[in-house]
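Have a look at the structure below, then the notes.
The values are calculated or read from the model by the stated rules, or taken from the named source; none is laboratory data. Keep in mind it's a predicted model, so treat the numbers as computed, not measured. Positions of Cβ are generated from backbone atoms using ideal geometry, with glycine treated the same way; all protein chains shown enter the neighbour counts.
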Ligand code: 0A1
Ligand code: ZN
């Protein structure tokens, strides 16, 4: 077994000894032997060593000149991963490096590769070193000029970073070239080129200062119409960033390219965003409402990176959350302004709790700003992204809207053009707002989800309400002991008539406006002049990424569902009620459903009846905690079958009580007019399909008939898939014919087939594992495509709790086997699949043993990629 390489540590950062001011690249594209000529203007810093080490990765070296002179063999050494130049000048010099690469053989999808015949690149985090030898680290900022040459037939479209700066033909050949110049110094991870035979749509945008920007979205020929929504989202993002943050676009062109083979969601390369096509293409027939929302969000995210990531980048990869947390916060705010703010907040918190909380509570826990890593690609995590966004959101809560904005404005002026750190970022808020953020900074360094406990006590005689809050943080890998954090708790005291009641004074603790600043291990707030017993509403809007344990009765929760002025907490109270039922049901393991808890039925019934609530919100309330949510809540000795049974029984009991009401609302919401993807209409579809799913799960023949009918007659993908999903989630025999029909109808549309693969893999039936195995050989599946892999294998292992966690361990064995196979081809995607094992220690002993065996088998394999080695090692630690 190969020993792992030494890790990288934040504390070991040293500034570079050499700078690279300009990069001139000449890329002559060829399917299997692309020639890259790089000319680098190198500037040694004072005291630089006499050797210069440039990093490569699987490169074939073809030549080297220094200041125009071919270097003799005694002046350099070279391997596929390192070029060492010996005795370099102490003043500025030029290096010309030639490498040869094979884009067709690049199955890792890092560096230069081909996707359906299109040449494209992915350089974050460490892909540029697969194109040429370089100081491939984000604090090396250079001005790039790129000449791209290719066959006209193969690649009529040639795209690079920055602005177009020339084009022409190579006389006597069928080749042509384009030159692109990017005037903004950037790190190598933002480099990109694309070349291929692509269709496009075109538009333009006039910035607030009156400059016109040419906008284009490129895609496979024939899919142009499916790019229109993305273009609309792009223009709205550009306008929003000007209005919300005063940030304007800075080049003459902005290009987006949709490719079908991509390891992640999308990439913010300067002026040339490259997207996984699933986040660009959308039309009513092929995309669901959720797809539309995702396209809007990812388009915005990548666009917003132009300031938070590109104009101000990261000093090193430990600072990844500097660009990602802030940019996620920005895209969340954008979507909130475009759609419903409360519903967006609920959706974001659901994602955080479903993805980040288990990471924070398991063996892969790491701080928002990690301090050590072996493989940086494994740190594009929900903690860095989503918890990173929550930390920015807390900063806004703590400082208030105006001071937050002043701090950000200072950040944009002070650090434009820099490769910055979290310290730089926080200093802007300290300087602009005079805030002391020393304790707050712990959010960046302490891993784990804080547990907040709250206990309230009302003293009627003295009209006094005492609220005691305590926080604790469990040990995480490498962090046995923790310090108390600064946790902003937005709150209200709900009075008997439903409004927040006032109080004369709040003492004993830091209360400012509607925020309690919990900074000690334990704190008591004494509210005086409270005229009646209040119901505490804490962590409104989910004001901190913490778990709240509150001693509150079912009656008070029901009251909160009805009356809380904070919509998030209305939703949260209903979830808490449901969670209590689900946890109790999982422990009881009864063969038959107990009648549903009357408080829960009343709560759900009241929300359903309340026409003032938007349908999308009502749908969120009706969607009970998932099986994985319940597993996380139980936390140890988890039996996924017991949880699934409990959840099924509770849903049946709810239908038994609320069936007629649900049916009435379902028919009152009947679709009218044609499909439009706006939030209001999407919300109505969401509520209808949530109700359908619930009714179908109850086994009602009428509901099953209605689902089949909806599946067959729907005029849009949301309703068609909603019906099919209901049949699949209930593992009904009717699903089979419907799934086959669905496949046949979309056999030529890979993105829609991903939905089919996902549903096939999600059926909670013992047949599913065999079905998934059989689908590996289906012509619609391709192991080379990360979207197909995630749809089939990712859904099976992460979204099908009972079947992945089969008692016989066959689900674990299957995943281990698949990952080992994929690891040879695409380590990033392979390693990512393994996170399905992240909570293996909380399983009951039988499954835990089987899961550990599967992990051990992977760990004992000798030819593991660093990516997979890193995940499996930490998961087992
Ligand atoms: N910076 C991108 C995410 C990203 C990271 C690594 C990649 O390599 C395969 C690709 C994309 C973002 O936040 O959108
Ligand atoms: Zn990002």
Sole miss for residue 149 among (1) within 20 Å of residue 199 (Cα to Cα); (2) under 34 Å from the mean Cα position of the chain (by Cα); (3) surrounded by 20 or more Cβ atoms within 10 Å (Cβ to Cβ) is condition (2)
Filter the stretch 849-863 for residues that are out of contact with any strand residue (DSSP E or B) (no Cβ under 8 Å at 6 or more places or on another chain) and in a helix (DSSP H, G or I) and give the result. 849, 850, 852, 853, 854, 855, 856, 857, 858, 859
Would you confirm, using the coordinates I've provided, whether residue 848 is assigned by TED's automatic domain parsing to the domain that holds residue 751 and farther than 22 Å from residue 265 by Cα? yes
Within the stretch 527-562, restricting attention to residues that are touching a strand residue (DSSP E or B) at 6+ places or on another chain (Cβ under 6 Å) and more than 18 Å from residue 469 (Cβ to Cβ), which residue is surrounded by the most Cβ atoms within 10 Å (Cβ to Cβ)? 559
Has the stretch 367-378 got any residue that is free of Cβ contacts under 8 Å to residues at least 40 places away in the same chain and not assigned by TED's automatic domain parsing to the domain that holds residue 615? no
Do any helices (runs of 4 or more DSSP H) entirely within the stretch 254-372 hold 2 or more residues that are within 13 Å of ligand 2 (Cβ to nearest atom), and if so, which? 289-304, 320-338
Could you tell me whether any residue of the stretch 582-590 is closer than 23 Å to residue 850 by Cβ and surrounded by 19 or more Cβ atoms within 10 Å (Cβ to Cβ)? yes
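Any idea which residue in the stretch 717-740 is surrounded by the most Cβ atoms within 10 Å (Cβ to Cβ), counting only those that are in contact with a helix residue (DSSP H, G or I) (Cβ under 8 Å, 6 or more places away or on another chain) and in a loop (DSSP other than H, G, I, E, B)?
In this case the residue turns out to be 730.
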Give the number of residues within the stretch 130-171 that are in a strand (DSSP E or B) and out of contact with any helix residue (DSSP H, G or I) (no Cβ under 7 Å at 6 or more places or on another chain). 21
Is it true that some residue in the stretch 663-678 is more than 23 Å from residue 735 (Cα to Cα), touching a helix residue (DSSP H, G or I) at 6+ places or on another chain (Cβ under 7 Å), assigned to a helix (DSSP H, G or I) and touching a residue at least 24 places away in the same chain (Cβ under 8 Å)? yes
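Just the residues that are crowded, with 16+ Cβ neighbours inside 10 Å and more than 18 Å from residue 535 (Cα to Cα), please, taken from the stretch 471-489.
471, 473, 476, 479, 482, 484, 485, 486, 487, 488
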Please give the number of the condition residue 167 fails out of (1) under 28 Å from residue 83 (Cβ atoms); (2) in contact with a strand residue (DSSP E or B) (Cβ under 6 Å, 6 or more places away or on another chain). (1)
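Listed here are the residues, each with its yes/no results for (1) at pLDDT below 95; (2) surrounded by fewer than 17 Cβ atoms within 10 Å (Cβ to Cβ); (3) within 29 Å of residue 18 (Cα to Cα).
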{"position": "124", "(1), (2), (3)": "no, no, yes"}
{"position": "127", "(1), (2), (3)": "no, no, yes"}
{"position": "160", "(1), (2), (3)": "no, no, yes"}
{"position": "163", "(1), (2), (3)": "no, yes, yes"}
{"position": "204", "(1), (2), (3)": "no, yes, no"}
The residue that is farthest from ligand 2 (Cβ to nearest atom), considering only those in the stretch 103-129 that are assigned to a loop (DSSP other than H, G, I, E, B) and under 16 Å from residue 198 (Cβ atoms), is 117
Looking at the stretch 311-345 only, could you name the residues that are under 18 Å from residue 241 (Cβ atoms), in contact with a helix residue (DSSP H, G or I) (Cβ under 7 Å, 6 or more places away or on another chain) and within 10 Å of ligand 1 (Cβ to nearest atom)? 324, 327, 328, 331
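A quick yes/no check of all residues on (1) farther than 30 Å from residue 261 by Cα; (2) modelled with pLDDT under 95; (3) surrounded by 14 or more Cβ atoms within 10 Å (Cβ to Cβ); (4) in contact with a helix residue (DSSP H, G or I) (Cβ under 9 Å, 6 or more places away or on another chain):
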| position | (1), (2), (3), (4) |
| --- | --- |
| 22 | yes, no, yes, no |
| 26 | no, no, yes, no |
| 29 | no, no, yes, yes |
| 58 | no, no, yes, yes |
| 68 | yes, no, no, no |
| 102 | no, no, yes, no |
| 105 | no, no, no, no |
| 112 | no, no, yes, yes |
Residue 555 fails exactly one of the following numbered conditions: (1) over 26 Å from the mean Cα position of the chain (by Cα); (2) assigned by TED's automatic domain parsing to the domain that holds residue 731. What is the number of that condition? (2)
Starting from the stretch 232-246, keep only residues that are closer than 20 Å to residue 677 by Cα, then list their pairs with residues that are surrounded by fewer than 17 Cβ atoms within 10 Å (Cβ to Cβ) whose Cβ atoms are within a distance under 7 Å, requiring at least 6 positions of separation or different chains. 235/203; 240/337
